[in-house]
Structures are given as C-alpha cells and as structure tokens.
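K.L.:
Below you will find the structure I want to go over with you.
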Amino acid sequence: MGRHVGIVGVGQTNHSRRRTDVSQAGLVREAVDRALADAKLTIEDIDSVVVATGPVLFAAVNQPEKWVVDAIGASLKPVVRITSGGGTGLAGALAGYYQVSSGFADRVLVVAYDKLSEGALQYSISTLYDPFWGREFAVGIMGFSAAYWRARMDVLGHTEEAAAMVAVKNRKNSMNNPYAHVKKEVTVEDVMNSKPLAWPIKTLDVPPISDGAAAIVLSTEKLAAKSTDRPAWIHGMGYFCEADNAPERSLLVSEPLAIAARRVYRAAGITNPRRQFDVVEVQEPYTCFELSYYESLGLCAPGEAAELIESGATQMTGDIPVNPSGGCAGANPIGAAALIRLIEAASQVMGKAGDMQVPGAKLALAQAGGGWANLRGVAVVGA
Amino acid sequence: MPANRVAVISSTQTELRGNWSGAQHIDLIAAVVTDVFKGTGLTLDDVDFVFDSGSDVLDGRSISNCGFLGAMGAHHKEESRIEEDGLWAALYGVTKIASGAANVGLIIAYSKPSESDPNAFYKSQVEPFYQRPVGFDHRAASGIQAQRYLADHGVSEKQLAGLVSNRWASASAGRRVPLDAVPDEREVLASPSVARPLTQLMMSRPTDGAVAILIASEDIARRTAKTPVWITGMGMSGDRHSFATRKAGTLEACEAAATSAFKQAGWSKPTPAVAETSASSAVTELMVLEAIGLARPGKGLDLTGDGKIAVNKSGGSLPADPIMATGLVRLAEASRQLVYPAEYGLKSPTTAIAHGAGGVGMQTHCVFTLEV
Amino acid sequence: MLSIPDTYPIDLKPFPSDLSMPYTLTPGRAAGIFLAEIGNKRIVGSRFRDGGTVAVPAQDFCPKTGDSEFDLVEAPSTGTLNAFTETEAGIIGLIRIDGSDFDFPHQIVDAGYDDLTVGDRVEAVWGEGAGESILGIKGFKPSPKAPVGSIKPLENPAKQVEVVPYRMDLHYEHAFGPYYGRLFDEIKTNRRIMGVRTSNGEGALLPPRELDDITHKKTGTWVEVKQTGTVRACSVIHLQFIGQKQPPPYIYAEIILDGALTRLIHNISGIDMSRAKELVKPGTRVRAVWRDGEPTGSLADISHFEVIGGEDERS
C-alpha cells in the first residue's frame, strides 16, 4: 500500500452571509494563510495544490483555480481543481491524499471555497438538471431533497419532528463554533412553525447561504513532525456515485453512501461504527439528510434514525456525537462544506476542537455529498 | 514515483468532428467507454474508479458529470470530476493506482463545443474586474504571444501557415479527424484575422469528441495489454493567472511540468521518439515544443520535418482541439504510436511524451513520459 | 469509426437553452479602491512591502511573490505599450504604467493597428461619466511626447467598491441525439411517451438512452409507456427564487409512469393547494394533461399532471 498520509494543518475563514471586504481570491487566501500557519509552514513548503469549489455558475468565474492560484502564491506549482458537487471539498482532499500516498508529492495544500453571496444560488443549482428533462421544474436541489424526504417519511419514519431535532441539535452546537455565522438556538416548535420553503422542508431545516473557505495541509509521515506531534491520520477515504436516473435508485437508504462507508470502513478496520467512532461530522444540506446519513453510515439500522436522534445519542453528551461543530447549520459555503467537515473531524482527533471538543476523541468519521444526492464521500481520521 | 508502476493498457476515441450534431454527450461518452475494453479481456466490473474531465460551461449544465454517470459506466463506483483537461484526470488516476489503492482506472474526457461558444468558455475564465471588461481573452493572449514570437525569432507568418498546413495534412492522413480539405499556406494566411497576426486557421480548431483510456497496475497491465505503455513520469504546473504578468516569450509552466516529469522518469535529456503536444495556436505549438526542450528557443519549426522525434504525427491540436479532452487525446495518440508504430510509419519507438494544457494563453500544463 | 448512433435520421433543430445569471461580485480591497477612484480619474496601484514591487492596476496579492502586505499608490496615466494585437474586441495592448513592475491589458484607442509599435508611449483616455468600472478608462492612446510619470502615495483614498453587478449570458444549442430525438418527436407529433427497454427487458427507461445505466449494456426495443403513473416523491414549493419558471405554490413531483422504471419530473396541478400535503403524496396516482395549442416537442407539451383515483398498478 501507499504511504501514510496525515492532516498536519487546518484553517478556515470566519464564514459569513456576505463578505464584501474580500474577493473570492482573497477569501481563499485567508483560509490558506491559516492552514499554513497551523502547519508551521509557508507556501514554499508545499509541493502541490488542489482546489475544490462548487459549480462555476455559483460565482461567474470558469475554472476559478486559475484565478485564485495567484492569491495562494502557488505560481508554477502543480495545481488542479476537483469539482464534484457539494461534497467537492472531500473529493479534493481525496485527490490530495493520493498525491501524497503515491509519492507524487510530499505535502499537498487542499483548499475549498464558495462565495455564494455572489450568485443566484437556486437558479444556478437548477442547471444541474438535464435541459431537456426536468430543468424547468427544478427548485435548486431543495424541491428534489424535500420530495425524497417525503418518501422516506412514509417508509423510514423520518418525521418532521425528528428532522427538527437535528436542527435544534446542530444550531445549539453552532453556538460553540467560532467560525459559524448562524448562532441562534431554536426549539422543535420553532422549526415546525417555520415557513415552508419546499414542504416538508421549512426555513429552519435549511442551512444558511455562506461565503467561506477552508484549507488543509496533507503530509507524509516523515515530514509531519515539522508541523505537529499529533496529526490526524487518514485511515480511509472514498467518494462514490450513483447514476442519477437509474432504475434501481430508491433514494431511501443512500446506496452510494453505504458503498463508500463499506469500502472505507474496511480499509480503516471499522466493524461497528456506532461503537468505534468517537465523533462524526456530516454534511447535511438539509436536516432530513442527517437522518438518512445515520442509516447509510451504519450508525443505526434503516428506519431507526428518528429513534437515534430522539435518544440523544448524537448530542454532544451522547455516545456518538454528530456535528459538534453544528454542521452546515452554522455555515454553509457549499464548495468548502465537505472540507470543513473533514477539518472538524481532524481537529477532534488532533485534540484542538476547542469548545467543540469531544473529550478523548481518537477516531472520527466525516461524511460529504453532493449532486442529486448521488455523489457521496466518507473519510475516517484517527489520532 | 514509488514502486507501483502504472501503464496505459487501452485507449480509444471518437472521431473528432467540428460538429457531432446527431449525438449527445452521453452518446459520445458511451461509445468510447464501450469500446475501450475491446481486446483487454477486462470489463467494466474490473474498473475500480472513473475519473472524468468535461466543462460545465461548455456543457451548459452544472456538475455535468452528475448527468453522465450512467454513460460513463460509473454507477456505484468511485468517481471524480477534474474540471481541467483530461490529462490531469489521468494524472490523478495514476496516483491512485501507484498508491496501491486500486488496480484499474477508467479515464474519460469529452467535449461538445459545437453546442456552445468556446469564446465564452475562455472569456469566463478571465478575472472579472480588470481583464474581462476590456475584452482580454484567449484570442488576445494568443495574438500577443504571436507578435512576440515572430519578432523575437524572425519567424514569418508564412512559416506559421506552413506549420498549420502540415498539421492538418497529418490529421487528414489519419482516421480520427475527418477533414473536407487541407488548407494550403495561402488559405491559412487568407482565413479571417482572429488576433493579429494570427488568422482563424492558425488557431486550434474546436471539435466535438470523446476519449477513454484504461490505466492499470503492473500485474494487470502485463496480463491484459499487448504492449503496456508505462507512465514513467508526470508533471503539472500552473502559471500566474494574469497573462500580462507572466514571463514574456516563454511558457514557464510548461517548462516546469516537463522538468518534473523528466526528473521522475530519470531522463537526463528530453529525447523521446514520439511527442504529442497541445496548443492553442500555431505559435504556442512551437513554444510548447521549445519549453519541453525538444527544440531550442525559436527553433521549434526545425522539428516539423522528418527529424528524430516524431512530433504530432496525429496532427496535434491545431486541426482538432476537443477542449477538455485534447491532452488526453495526446496520451491516447502517443500510446498508440508506441504500440502500433507501423500505423504511423514509425520504426520501433520506445519513448514518448504527451502534453496537455489549459487556460487563457496556456496557463497550465501537464506532461507525461511514456515508455514501452 | 465507433458505433455512435448519429446515423439515425434526426431532422430536429437543436434544443436552444439560455442561461442568464445575475451576479454581485466582490472585487476586494485593491480592486475595490481602484474602481472607486475611477470616478476621480485616478489610477491606483499597489506597492508591496516585501521588496517594494509595484503593481498597476492595484492587486491584493503581489503577482511575483504572493505578498499580501501593500500600500495603495497613485499611478500616472502614462506608460509604454509593450505588446498588442487586434481581435473582434478591438486593439488590445499590454501596457506598462510608468513606475509599475507589471503590464496589464487594455484597449488601445485613437490609433490603427498598423500605426502602433512596441515601445510606443501611451496615455489613458478617460471616458465620460467614468463610473465604477475599468472601462472608465476608455483605453490608452499613443502619446509620443507623454512625459514619464511616477508613483506617488495615494492621498485620501475613496471608499472601496464592495459589489460589482455582473451578468453572465450563455447560449446553448443542445443536440437531441437519436434517443431524445425520437422521444420528443413522438411527444410532439403523436403525444406518445416512448422509452426503451432495459438491457434485460424488464420495464422501460425514460428518458430513453442507448446504454442501460446499471449494466452498461445496450438497451432494448422502444416501448410506449402509459400517460398515467404514480408519484414516487413530491414536495410543495413555496420558495421564490431568481430564474423560477412559475409562481409558487406548486407541486414538484417525480413520477414513475406506468411501464417505466425511472422518473419523470413535472408539476401536479388542479388540486386545492391549501390541502396539497394530504392530496398528493408518494403513491398518489396521476395522469398527464396535454397543453392546448401548437406542440413544441418538449416536456412543456405536457401542461401538468392531474390526480386520478385508483391504486398503483404495480402494487
């Protein structure tokens, strides 16, 4: 097998609804500066750069890595952009991981961002749809997501109340996250009474629209010590897909996520995720997805997600805390969101999650996803 | 690179046409994905991952890979979209196999610029505050590169036209780029001015097409390929975004990418038997050959005769530039020339390079060294 | 050379699609102040603290070193033409403002291409009502006697422009290909919805396609699917957004037509929307309602789906 790869530095911006003080490139620079400082490195120490962002139409710059590369100061270094829907941050980290693991590079900087205040979000996401087949009916990805939540409600018991509990938990946890910009606790009643946007999705089931960037430094084992005595080692990572309009697609349990989890768990030696993981970070574009992820990730059996959230097990104080950072509920710069989940998971096992720290966390799971709920990734990091 | 060697075991491409008006993206993609397994004994079941290159802006859809997964054979497999020329997707795939995490990878790149406006594709890459409003784009960059190259090296427009004519003739001699006619020097010079001193025919011609290659670990490659084409070195590099701030008269990122690839391959001198390169214009075609080190600065034209290095036997990217797939087509072409040299009138070449590029004024470059 | 189904006769013109997206782009500090100072007819640059490199127009990051620490400076409106070309956008030159370490591109005005020589002295031509755009400078014109200007500290910089409105318009002509071609031709001329059988012959794939997504094998024969179907998933849309095609509320539905295995996305109408949650749910039976008037050969020829009684045929 390839070389061990560790996350030796992380950085993210203070996310916000709209940053009018910096350009997209400036936003990227902030996260890069923080990740490099955290890794006690400069850009000179970096062999290769991976940029991950959401779709081009979010911000009107095609192949934006070619623009932001100037702000990273990475001129004449290897640079490549990965874009794989909302989970692209993890897909980018995966590309960086293989550059280090294979020996192509010793240290890779992975940076992910989106500046969603710049574009028309639902309009641009709606262009995900086939221009011939359904685009005129698209409501971003929200109409679709709500529709399949409605289906899961009947079959798997993912009720509005259960999803509301996800909102309550994640918004509460966001209070402890210094980088989150939505900081307001809510109750189940607040969520239930919030305005429907694409029922069953209501306003408080929806994360904010954010400007934000995140960056990590991946390193070989040999060079890791220069940055930290406690890297987050990557035990496994994968990003799987499902053909969007294939006949077998049930969209009840997420099959690509279950496949990704199975592969990554095997590589990481995970046989009982609920017992073995100390903490989990999931990328929940809407509250309903967190319930679905519990099941696809094997934290509970299909149909038991509502019970799991009700039991309190996924709270900070539970046996399997999910999203101590607040997840996307606190900030959702889409292209960066998956890398932020990986950063939060890594920070937990590096013991530097601050007020979000799960005591003694040694093994963490990060999940990511995008597209029509058909691109799904998983990473396992350990101390 | 580490001990795990990686080889190209199969490659295929559609014809590169000005307009595949009767086929959709998925038709082109499905065709190459079906064809690439022929003769390998492998099937899609053996593929561990699918990495693909295409452009949302060219395709007119966001996360366009999402809608093409079925055609790509990626259903329930590991998949990633690399929104850069397909050669970068191949590079990613090689690292994955080299790390030992996978054995067989399917790399796909496709393009249908006929459905949109390639000028809008490039224009939208340019920074939106200073450059985009004044009309600076890939054409302006190419024109300025040409003005400088001709002045610096005493090369004439007529010589550029001759190069173009030769490249189109090479493409026409092959089977993969259908051309109604090959323009002569006079026609190249007389075609409409695009970015003075460059005419339309001195620019690369956007074409529709798809390409797929299979890469595999050493043991699989030895069992499945007639002649495994070993990928012995890879380099990529990106120059500054702002064309005006790049080093004038050279392609520094191309040099950097080539240097890394040669170093990995242990090549002390860049003397491949076969070279397949990408270019946005007749001038950058020469600049690339020089930046890679195949010719001295200003002497790229010397390579166009029947020298020791077979340069762009396929015709290269001037007669057929399936944007986003061009570099991967070069890898497919170079591999084929190593495996089936007779088809190209070559003796028995053992080394090759494949080059891809991206961006306005060729900002990014990727170079592979290949050996059999 | 490859088996690509484009020999199938298609006499459909490509499907036009326009994307017209509004944006509010943030230029950041350096460009933001540069744009703000356009109204004052001052050209702003950055002097980077690491080495004193000067970039005009102003940049947040040194093009040479990536340094982000800089002071804003006022640059002269004169410089040298270092390179030029002529495209459909006009004559584009690379201009080196006096005192700057880098070129930048702009229009060359008041001169023909053949009048120009590399090394020519040039000076800025300001537009009327300059605004907050680089085009407040119309371009640069040859000015053989222009004195060599120098970089000065920027006194009283204007407040930075925070947002630049922008629009990206992209036009597409999407090919139908043989499968979508027949599908929409049948919709247009016969009001029939045609799929193809899966590679193992069970049920129909809609839209039709050459290869089965799951098996990646050739799909089977064409088959007409029914115009009735079952809602697989649905949501009630209240959200309003830019680019929306109809006013809310309405129902977004993914429908499996009888005989098909895959989804068709459409709207369900003709019900009391205040009771939408109870009237339309997964399992609800629906039927296509065709639009009156000239058919277009697109999904828009189906006006909507209406709720009908009965059970899912497959259950």
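K.L.:
Helices from chain B with mean Kyte-Doolittle at least -0.5 and a Cα length along the axis of 15 Å or more, per DSSP H: which?
P.N.:
Membrane-span-like by this rule: B:25-35, B:86-98, B:157-173, B:252-265, B:282-292, B:326-339.
K.L.:
Placing +1 on the Cβ of each Lys and Arg and -1 on the Cβ of each Asp and Glu in the stretch B:100-243, which of B:Pro118, B:Gly238, B:Ser191 has its Cα farthest towards the positive end of the resulting dipole?
P.N.:
B:Gly238
K.L.:
What residues have an amide H closer than 5 Å to that of B:His241, excluding those fewer than 5 places away on the same chain, when H is modeled at 1.01 Å from N in the peptide plane?
P.N.:
Correct list: A:Asp70.
K.L.:
Specify the angular offset, from 0 to 90 degrees and rounded to the nearest 10, of the alpha carbon long axis of helix C:28-38 from the longest principal axis of the alpha carbons in chain C.
P.N.:
Roughly 60 degrees between the two axes.
K.L.:
Tell me the label-point distance for the pair C:Ser303, B:Lys226, using the 7 Å Cα-to-Cβ offset, in nm and rounded to one decimal.
P.N.:
It works out to 6.1 nm between the two label points.
K.L.:
What Kirkwood radius, in Å to one decimal, follows from the Cα pairs of chain B? Mind showing how you got there, number by number?
P.N.:
Working: mean 1/r = 0.0494 Å⁻¹.
Result for chain B stands at 20.3 Å.
K.L.:
Using Cα centres only, tell me the gap between the stretch B:29-62 and the stretch C:38-91 in whole Å.
P.N.:
44 Å
K.L.:
Also, I was wondering about something else. Could you tell me which of rounded, prolate or oblate describes the protein assembly as shown, using a ≥ b ≥ c as the square roots of the eigenvalues of the alpha-carbon gyration tensor, with rounded for a/c under 1.5 and, failing that, prolate when a/b is larger than b/c and oblate otherwise?
P.N.:
Values: a/c = 1.43, a/b = 1.26, b/c = 1.13.
Since a/c stays below 1.5, the shape of the protein assembly as shown is classed as rounded.
K.L.:
Could you work out the relative contact order of chain B? I mean the mean sequence separation of Cα pairs under 8 Å and 6+ apart, divided by the number of residues, in percent. Don't jump to the answer; show the numbers that get you there.
P.N.:
Details: 859 pairs, mean separation 92.8, N = 372.
Relative contact order, chain B: 25 percent.
K.L.:
Could you tell me how far the Cα centroid of the stretch A:100-116 sits from the Cα centroid of the stretch C:245-315, in Å?
P.N.:
45 Å
K.L.:
Of A:Gly236, A:Tyr179, C:Pro153, which is farthest along the charge dipole of the protein assembly as shown in the positive direction, counting Lys and Arg as +1 and Asp and Glu as -1 at C-beta?
P.N.:
About the Cα centre, the residue reaching furthest to the positive side is A:Gly236.
K.L.:
Considering amide H positions built from the backbone, and no H for Pro or chain starts, which residues 5 or more places from A:Ser254, or on another chain, come under 5 Å of its amide H?
P.N.:
It is A:Ser296, by chain and number.
K.L.:
To the nearest 20 debye, what charge dipole does the protein assembly as shown have about its Cα centre, counting +1 at the Cβ of each Lys and Arg and -1 at the Cβ of each Asp and Glu?
P.N.:
1260 debye
K.L.:
Taking the Cα centre of the stretch C:27-162 as origin and charging only Cβ (+1 Lys, Arg; -1 Asp, Glu), how large is the dipole, in debye to the nearest 20?
P.N.:
Details: 13 positive and 21 negative charges, 66 e Å.
Rounded to the nearest 20 debye, it is 320 debye.
K.L.:
For the stretch C:105-113, just list the computed ³J(HN,Hα) in residue order, Karplus coefficients 6.51, -1.76 and 1.60, θ = phi - 60°, integers in Hz, with x standing in for Gly and Pro.
P.N.:
Rounded to whole hertz, the list is x, 7, 6, 9, 10, 6, 7, x, 3.
K.L.:
Could you tell me how many degrees, from 0 to 90 and to the nearest 10, lie between the Cα long axis of helix C:177-190 and the main elongation axis, the longest principal axis, of the Cα atoms of chain C?
P.N.:
60 degrees
K.L.:
Quick query: amide H of B:Val311 versus all other amide H atoms, modeled in the peptide plane; which residues come in under 5 Å with a sequence gap of 5 or more or a different chain?
P.N.:
So B:Val311 has HN proximity to B:Ala275.
K.L.:
How tilted is helix A:160-174 with respect to the longest principal axis of chain A? Cα atoms for both, answer in degrees (0 to 90, nearest 10).
P.N.:
30 degrees
K.L.:
While we're here: Per residue of C:16-23, what is the mean number of Cβ atoms on other protein chains within 10 angstrom of that residue's Cβ?
P.N.:
Details: counts 1, 8, 1, 11, 2, 9, 5, 11.
Shielding by partners across C:16-23 averages 6.
K.L.:
Apply the Karplus parameterisation 6.51 cos²θ - 1.76 cosθ + 1.60, with θ equal to phi minus 60°, to every residue of the stretch B:64-69 and state each ³J(HN,Hα) to the nearest whole Hz, in sequence, with x for glycine and proline.
P.N.:
Result, rounded to whole Hz: 5, 4, 4, x, 10, 4.
K.L.:
Another question, if that's okay. Restricting the calculation to Cα positions, tell me the Rg (one decimal) and the Dmax (whole number) of the stretch C:1-112 in Å.
P.N.:
21.9, 66
K.L.:
Could you tell me the calculated FRET efficiency between A:Met1 and A:Lys40, based on Cβ-Cβ distance and R0 = 22 angstrom, to the nearest 0.05? Walk me through the numbers before you get to the answer.
P.N.:
Details: r = 28 Å, r/R0 = 1.27.
According to the calculation, E is roughly 0.20.
K.L.:
With a Förster radius of 35 Å, plug the Cβ-Cβ distance of C:Asn156 and C:Arg49 into 1/(1 + (r/R0)^6) and report the FRET value to the nearest 0.05.
P.N.:
Values: r = 21 Å, r/R0 = 0.60.
The pair C:Asn156/C:Arg49 has a calculated efficiency of 0.95.
K.L.:
Still on this model: Using a cut-off of 23 Å between alpha-carbon atoms, which lysines can reach B:Lys158, once sequence neighbours fewer than 8 places away in the same chain are excluded?
P.N.:
Straight-distance partners of B:Lys158: B:Lys299, B:Lys313.
K.L.:
With labels modelled as points extended 7 Å from the Cα through the Cβ direction, what inter-label distance (nm, one decimal) is found for A:Glu221 paired with A:Glu307?
P.N.:
With each label point 7 Å from Cα toward Cβ, the separation is 4.2 nm.
K.L.:
I've got another one for you. Tell me the label-point distance for the pair B:Asp46, C:Asp71, using the 7 Å Cα-to-Cβ offset, in nm and rounded to one decimal.
P.N.:
6.7 nm
K.L.:
Contact order normalised by length for the stretch C:181-308, with contacts defined as Cα pairs under 8 Å and 6 or more residues apart; what percent is it? Mind showing how you got there, number by number?
P.N.:
Values: 276 pairs, mean separation 30.7, N = 128.
Once normalised by length, the contact order is 24 percent.
K.L.:
If you don't mind, there's one more thing I want to ask. Would you kindly state the longest site-free stretch of chain A, with sites defined as GluC sites (Glu not before Pro) in a DSSP loop (not H, G, I, E, B) surrounded by at most 13 other Cβ atoms within 10 Å? Walk me through the numbers on the way to the answer.
P.N.:
Values: sites that count: A:Glu185, A:Glu248.
Between the exposed loop sites, the longest stretch runs A:1-184.
K.L.:
How high is the relative contact order of chain A, in percent, counting Cα pairs under 8 Å that sit 6 or more residues apart?
P.N.:
Working: 939 pairs, mean separation 98.6, N = 383.
That works out to 26 percent.
K.L.:
Then there's this: Given a cut-off of 24 Å, name the pairs among C:Lys41/C:Lys159; A:Lys172/A:Lys195; A:Lys40/A:Lys222; B:Lys263/B:Lys308; B:Lys77/B:Lys123 whose C-alpha atoms lie farther apart than that in the structure shown.
P.N.:
Numbers: C:Lys41/C:Lys159 15 Å; A:Lys172/A:Lys195 20 Å; A:Lys40/A:Lys222 15 Å; B:Lys263/B:Lys308 22 Å; B:Lys77/B:Lys123 34 Å.
Table pairs above 24 Å Cα-Cα are B:Lys77/B:Lys123.
K.L.:
Treat the count of other C-beta atoms within 10 Å as a stand-in for reagent exposure and order C:Glu123, C:Glu37 from fewest to most. Could the numbers behind the result be given before it?
P.N.:
Values: C:Glu123 19, C:Glu37 24.
Taking fewest neighbouring Cβ atoms as first place, the list is C:Glu123, C:Glu37.
K.L.:
Another question about this same structure. Average the reciprocal distances over every distinct pair of alpha-carbons in chain C, invert the result, and give the Kirkwood radius in Å.
P.N.:
Details: mean 1/r = 0.0398 Å⁻¹.
Evaluated on chain C, it is 25.1 Å.
K.L.:
Can you tell me the dipole magnitude for chain C around its Cα centre, using point charges on the Cβ only (Lys, Arg +1; Asp, Glu -1), in Debye to the nearest 20?
P.N.:
Numbers: 34 positive and 44 negative charges, 175 e Å.
So the magnitude is around 840 debye.
FYI, it's all coordinate maths here, none of it is from the lab. Just so you know, these numbers come straight off a predicted model, no measurement behind them. Cβ sites come from the backbone with ideal geometry, for glycine too, and all protein chains shown count toward neighbours.
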